[in-house]
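Visitor: This is the structure I want to talk about, given as C-alpha cells.
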Amino acid sequence: MATLIPEHSRSRLQAWARAGHVRLDGQTADDPKKRLRGGETIDVEIQALAPASASTPENIPLDVVYEDAAILVVNKPAGLVVHPGSGNWSGTLLNALLAHCPDAVNLPRAGIVHRLDKETSGLMVVAKTLAAQTDLVRQLQARTVKRHYHAFALGCLKESGLIDAPLGRHPTQRTKMAVVQSGREARTHFRLVERFANACWIECVLDTGRTHQIRVHLAYIDHPLLGDPVYAGRRKMPEAASGFRRQALHAHRLGLTHPESRKPLQWDAPMPQDMQTLLNALRATIPPAAR
C-alpha cells in the first residue's frame, strides 16, 4: 500500500486498514501486517484528512529562508510556539503557516513535520503538499535529515563526544523528559567550539529527534544548557550571562533531500542577536590567548 500510494504515510494507511477502509480480494483487510502471495486485488477507500486544526490564520511575520511549491524553510525566532496547545492556543507557527499558505489547512498539522521548543530558535522545514510531508517524515525516520545546533553549555566539555542514552517521560515529573532505560533510542553528537569561564560553546548534531533531546542529554552529563529553566536546576549562571533569559540553543544548519527533485539541499541561519551578545559577553571574561 505504501508503494502504491506513496503520498500517504504508513501510519495513515495502517489506521485506514484497521478502520475497515481496505479490502483484499473483496474482503475487509483489517490486519495491515498480512503477508500477500502476489496477484491479489487491494481496494483502498481514501479518507478525507482532518483539517490542520481549528486554529485561525494569523498574520504573524515569518523569516522565510527558502520556499518553492513543495517545501518552506523558516528561521523560527525564540519565543514562538510551533503548534497550538495548553496555554498557547494562538500566536503559533501553525497559525502563521495557515495565513502564509492557505492550502496548509488541508494538511495534517499544516505541513509541520518536526518541532523546535518555544525558546529554541532556528531552522525548520514545513511541507506544502501531502506527498512532500510524507516524504519528509520518512527522511526524518530514516535519519537522513541533517540538523546542527549552536549551544552554550555550563562547564567545559571535552573536545567532542557522543551521548547515547534513551529518553522518555520523567518517572515523577511528567512535564519533563529524562534518561530512562525503557525510553526510546536517542543519540547526540557534540563538538567543542570555544571555551569560556565556566561555560563553553559547542555544536550538537542529532542522530535522533526526541523531545528536549539536547537539553536532557547535556543535563545528563552534568553540562546543562546555559539559561535552561527546566533542566539546569539551580546551577549558577556565569556572571557574563546573567541577562540571558532562555536556553542557549539555535538550530543553525538544516540539510535534506528535496521531496520532488531529489537534490540535496542545505541552509544555514546565523546566530540570533541575543546569542551573539551572549557570545561576546562570555568572550570578554577571558583573555584571547587563554581560550
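The values are calculated or read from the model by the stated rules, or taken from the named source; none is laboratory data. If you're wondering where the values come from, they're calculated on a predicted model, not measured in any experiment. Using ideal geometry, Cβ is built from the backbone for each residue, glycine included, and neighbour counts are taken over all protein chains shown.
Visitor: Which condition number does TRP201 fail, the rest of (1) outside any loop (DSSP other than H, G, I, E, B); (2) out of contact with any Asp or Glu (no Cβ under 6 Å at 6 or more places or on another chain); (3) at pLDDT 95 or above being met?
Guide: It is condition (2) that TRP201 fails.
Visitor: Out of GLN247, GLN213, report the one residue that is farther than 30 Å from ASP68 by Cβ and either in the same structural domain as VAL125 (by TED's automatic domain parsing) or not basic (Lys, Arg) (or both).
Guide: Values: GLN213 fails: farther than 30 Å from ASP68 by Cβ.
That would be GLN247, the only listed residue that is farther than 30 Å from ASP68 by Cβ and either in the same structural domain as VAL125 (by TED's automatic domain parsing) or not basic (Lys, Arg) (or both).
Visitor: If you don't mind, there's one more thing I want to ask. Could you grab the pairs with beta carbons closer than 9 Å, sequence gap of 6+ or different chains, first residue in the stretch 84-104 and surrounded by 18 or more Cβ atoms within 10 Å (Cβ to Cβ), second one of a type in the set (Lys, Arg) and assigned to a loop (DSSP other than H, G, I, E, B)?
Guide: Matching pairs, first to second residue: LEU93/ARG115; CYS101/LYS128; ALA104/LYS128.
Visitor: Yes or no: ARG138 surrounded by 15 or more Cβ atoms within 10 Å (Cβ to Cβ) and among the basic types (Lys, Arg)? First the steps, then the outcome.
Guide: Details: surrounded by 15 or more Cβ atoms within 10 Å (Cβ to Cβ): yes; among the basic types (Lys, Arg): yes.
In short, yes.
Visitor: On the basis of being crowded, with 22+ Cβ neighbours inside 10 Å and part of a loop (DSSP other than H, G, I, E, B), does ASP228 make the cut?
Guide: Details: crowded, with 22+ Cβ neighbours inside 10 Å: yes; part of a loop (DSSP other than H, G, I, E, B): yes.
Against the criterion (crowded, with 22+ Cβ neighbours inside 10 Å and part of a loop (DSSP other than H, G, I, E, B)), ASP228 qualifies.
Visitor: Among the residues of the stretch 1-53 satisfying the criterion of being among the acidic types (Asp, Glu) and at pLDDT 80 or above, which is nearest to ALA132 (Cα to Cα)? I'd like the intermediate steps shown before the answer.
Guide: Quick first cut of the stretch 1-53, residues among the acidic types (Asp, Glu) only: 7, 25, 30-31, 40, 43, 45.
Filter once more, keeping what is at pLDDT 80 or above: 25, 30-31, 40, 43, 45.
Working: ASP25: 31, ASP30: 27, ASP31: 27, GLU40: 29, ASP43: 24, GLU45: 21 Å.
Filtering first and then ranking leaves GLU45.
Visitor: Does any residue of the stretch 137-152 turn out to be more than 27 Å from SER11 (Cα to Cα), in the same structural domain as GLY227 (by TED's automatic domain parsing) and hydrophobic (A, V, I, L, M, F, W, C)?
Guide: The answer is yes; a qualifying residue exists.
Visitor: Residues that are of a type in the set (Val, Ile, Thr) and within 27 Å of GLU260 (Cα to Cα), at least 3 per element: which strands (runs of 3 or more DSSP E) completely within the stretch 1-93 meet that?
Guide: The qualifying strands (runs of 3 or more DSSP E) are 71-76.
Visitor: A further question follows. Report whether or not LEU116 is touching a helix residue (DSSP H, G or I) at 6+ places or on another chain (Cβ under 8 Å) and not hydroxyl-bearing (Ser, Thr, Tyr). Please lay out each step first, then the result.
Guide: On the way: touching a helix residue (DSSP H, G or I) at 6+ places or on another chain (Cβ under 8 Å): no; not hydroxyl-bearing (Ser, Thr, Tyr): yes.
Judged against the criteria, LEU116 is not a match.
Visitor: Taking the criterion of being over 18 Å from the mean Cα position of the chain (by Cα) and among the aliphatic types (A, V, I, L, M), would at least one residue in the stretch 244-258 satisfy it?
Guide: No, the conditions are met nowhere in the stretch 244-258.
Visitor: Report whether or not LEU279 is hydrophobic (A, V, I, L, M, F, W, C), crowded, with 17+ Cβ neighbours inside 10 Å, within 30 Å of ARG138 (Cα to Cα) and at pLDDT 95 or above. Spell out the reasoning first.
Guide: On the way: hydrophobic (A, V, I, L, M, F, W, C): yes; crowded, with 17+ Cβ neighbours inside 10 Å: yes; within 30 Å of ARG138 (Cα to Cα): no; at pLDDT 95 or above: yes.
When the stated conditions are applied, LEU279 does not pass them.
Visitor: Only one of (1) at pLDDT below 95; (2) outside any loop (DSSP other than H, G, I, E, B) fails for VAL125. Which number is that?
Guide: Of the numbered conditions (1) at pLDDT below 95; (2) outside any loop (DSSP other than H, G, I, E, B), the odd one out for VAL125 is (1).
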